[in-house]
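First up is the structure itself, then whatever we jot down about it.
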Amino acid sequence: MAPLGSKEEVQRLIKENPVMIFSKSYCPYCTQVKELFSSLGVEFKALELDLDENGESMHNALKEHSGQRTVPNVYIHGSHVGGADDTKKAHSDGRLLAMVNNTDAVANNGVTNYDYDLVVIGGGSGGLAAAKQAGKLGKKVALCDFVKPSPIGTSWGLGGTCVNVGCIPKKLMHQTALLGKSISDAKSFGWSVDSESVKHDWANLVEGVQNHIGSLNWGYRVALREKSVTYINGYGEFVDPHTIKTKNKRGVEKTITADKVIVAVGERPKYPELPNAKELCITSDDLFSLPHCPGKTLVIGASYVALECAGFLKGLGLDVTLMVRSIFLRGFDQDMADKVGQYMIDEELKVLRRYVPTAIEKIGDGKIRVTCKSTENDDVITDEYNTVLLAIGRESCTKTIGLDKAGVVSCKNGKIPTDDYDQTNVSNIFCIGDNAEGRPELTPVAIQAGVLLANRMFAGSKVKCDYDNVPTTVFTPVEYSACGLSEEKAIEKYGQDNIEVYHSEFFPLEWTVPGGSSDVCYAKVITNLSDGERVLGLHYFGPNAGEVMQGFAAAMKCGLTKELLDQTVGIHPTAAEVFTTLSITKRSGISVKAQGC
């Protein structure tokens, strides 16, 4: 049995040193462990038992304390890790740095006072990503998610807006419309297809889309279980910075506590301040599971949601009108936005430009009468529709989760200011995704932010999410994709004289046989003349825009310049190769009409 003094010394060393290694100077396994901690930048205390005058008695005391007879013998924040193999395994599993960074264990001598290391409020893309990554790192995690039904009663499962009522069903319905256009083009390519006799079945489409969404909902639940994340199907609200109250659909309340909390509750569509708007209108929350064909439809709005929905509904052969208050695609490059809007007008989408609704009324036969007024004069228009779809913007769902009780500062619109590390003004509360002020409201951004945040919290990472040069695509009938600055923002930031804009119209080869307007598709590159013509913005309006832009977005992350674009050999014949041949500048005034192939 080891002397009492040696036992006390071992306990003191373990308690006072966040990382304590009992080692022997000649042991190769001890050397490996010390080199591992050094490579991770982790400070540690190593006691070489063979060089200490009390080494033998301390080794005996250590055996009694840990039950381990060999060295190295590693402790982190008072918890016994084990020997070399145990330490290496903890590192390969992503747990080692998580253990090192467990500051609560320091304060509480290895024991935390909370139910969970992390609670995520919101089960959308960002919240799921953060919860799964934290679970993968060995932390105790709970995720709270509860979907309040839309005003007409639509609800959905785990996965958030993107999966259930956003990106996924939108892209599938966009593809449906593209197939309809392909059928009409097929005859020109020799196919004996009577496009006039082809009919679309809305119920069939909705069933296929909803079946796919259901499989994704289930997949997310399985993924959480595999990462040992507790899924709470309850509405989460703050009681204080570390306490969350959840309430399920039966009204049963439960209170849980957490060391850290991530807010990722997303946004929901806005409604105008008009009588009957919530009772008679639908939004994108309802469209993708609508059990009946929308019929004659009025889409109110000019955002990407409005244009995308109007586009694919028109592509399905429906009578669609788009009501636009002012400009198309606010916040996007307006040169490109006007091209998107004009194309949809040229394709016979009815557009009420510079009008706003003033009355929405139910009339017989399931019809809705909408009265609208011009924003420029006294003109008033009244028409009847089967469906009125609102797409006038979205609002953050943070106003009812008790941010004030946690002391979290938020903006008037519900957005939450965060620092570069996604931290709010309350040190243990973080915010990612659409709820974070000034962040791109895009699914991939939320996912990446969630994973990186969990790694910073629990794996010692210092990597921040890069919110610059984020690519995005608007899935209108002809798609528009962009990465980097709009022309307006580039001029505002660098000045008109310091930027150059290269542009061109182009005509995709696959469009030549069925024919059509040759001045639709358009590309432009914005460069910084004072920085070696580094590319500031890439914009593309043409087929497969998202697929085209993804690779160029990676190039922009690498510091793409106009010279590098010029040196890139294009893939022929493709639409994307237009970026490798741009030579005409806007300031030159030379025509950019598409010529040849």
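Okay, here's what the table says:
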item	result
Links that overshoot a 20 Å alpha carbon limit, given the list LYS464/LYS489; LYS24/LYS63; LYS170/LYS270; LYS524/LYS562; LYS405/LYS464	LYS464/LYS489; LYS405/LYS464
Mean Cβ neighbour count within 10 Å, used as a protection proxy, ranking 58-70, 426-438, 116-128, 192-204 highest first	116-128, 426-438, 58-70, 192-204
Computed magnitude of the charge dipole of the chain (debye, nearest 20; Cβ of K, R +1, Cβ of D, E -1)	1360 debye
With 20 Å bins from 0: P(r) over the chain, alpha-carbon pairs, percent	17, 41, 29, 11, 2
Debye log10 I(q)/I(0) at q = 0.20 Å⁻¹ for region 501-597, Cα point scatterers	-1.01
Region 447-579 - accessible surface per residue (Å², probe 1.4 Å)	43 Å²
FRET efficiency, 1/(1 + (r/R0)^6) with R0 22 Å, evaluated for ASP383 and GLU273 via beta carbons	0.55
Mean separation of Cα contacts under 8 Å (6+ apart) over length of region 361-503, as relative contact order %	10 percent
Whole-Hz ³J(HN,Hα) from phi, Karplus 6.51 cos²θ - 1.76 cosθ + 1.60, for region 116-131, glycine and proline x	9, 5, 8, 10, 9, 9, x, x, x, 4, x, x, 4, 4, 5, 5
Surface accessible to a 1.4 Å probe, per residue, for the residues of region 166-240, Å²	60 Å²
Label point distance in nm, GLN32-LYS405, each placed 7 Å from Cα along Cα→Cβ	5.1 nm
Dipole magnitude of region 523-597, debye to nearest 20 (Cβ charges: Lys/Arg +1, Asp/Glu -1, about Cα centre)	260 debye
Gain upon complete extension [ARG587, GLN175; 0.36 nm per residue less C-alpha separation]	144.6 nm
Cα-based Rg / Dmax (Å) for region 1-87	11.8, 37
Relative contact order, percent, region 445-498 [alpha-carbon distance under 8 Å, six or more residues apart]	22 percent
Region 1-47 - Rg (one decimal) and Dmax (whole number), Cα, Å	12.2, 37
Charge dipole (the chain, unit charges on Cβ, about Cα centre) - positive-most of PHE312, LEU538, SER583	PHE312
Accessible-area composition of the chain, carbon plus sulfur, in percent [1.4 Å probe]	50 percent
Per residue accessible area in Å² of region 258-366, where ligands, DNA and RNA are left out and the probe is 1.4 Å	39 Å²
Whichever lysines have a C-alpha closer than 17 Å to that of LYS140, once near sequence neighbours (fewer than 8 apart) are set aside	LYS132, LYS227, LYS260
The chain: angle of helix 28-39 to the longest principal axis, Cα-based, in degrees nearest 10	40 degrees
For VAL19, residues with placed amide H under 5 Å, excluding near neighbours	LYS45, HIS77
FRET efficiency estimate (nearest 0.05) - Cβ-Cβ, GLU395 to LEU216, R0 35 angstrom	0.90
Solvent-accessible area of THR443 with every protein chain in place, 1.4 Å probe, in Å² to the nearest 10	30 Å²
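The values are calculated or read from the model by the stated rules, or taken from the named source; none is laboratory data. The structure presented is a predicted model; accordingly, all values stated were derived computationally and were not measured. Note: ideal-geometry Cβ built from the backbone for every residue, glycine included; neighbour counts use all protein chains shown. For accessibility, only protein heavy atoms count, side chains too; no ligands or nucleic acids. Shrake-Rupley method; radii C 1.70, N 1.55, O 1.52, S 1.80 Å.
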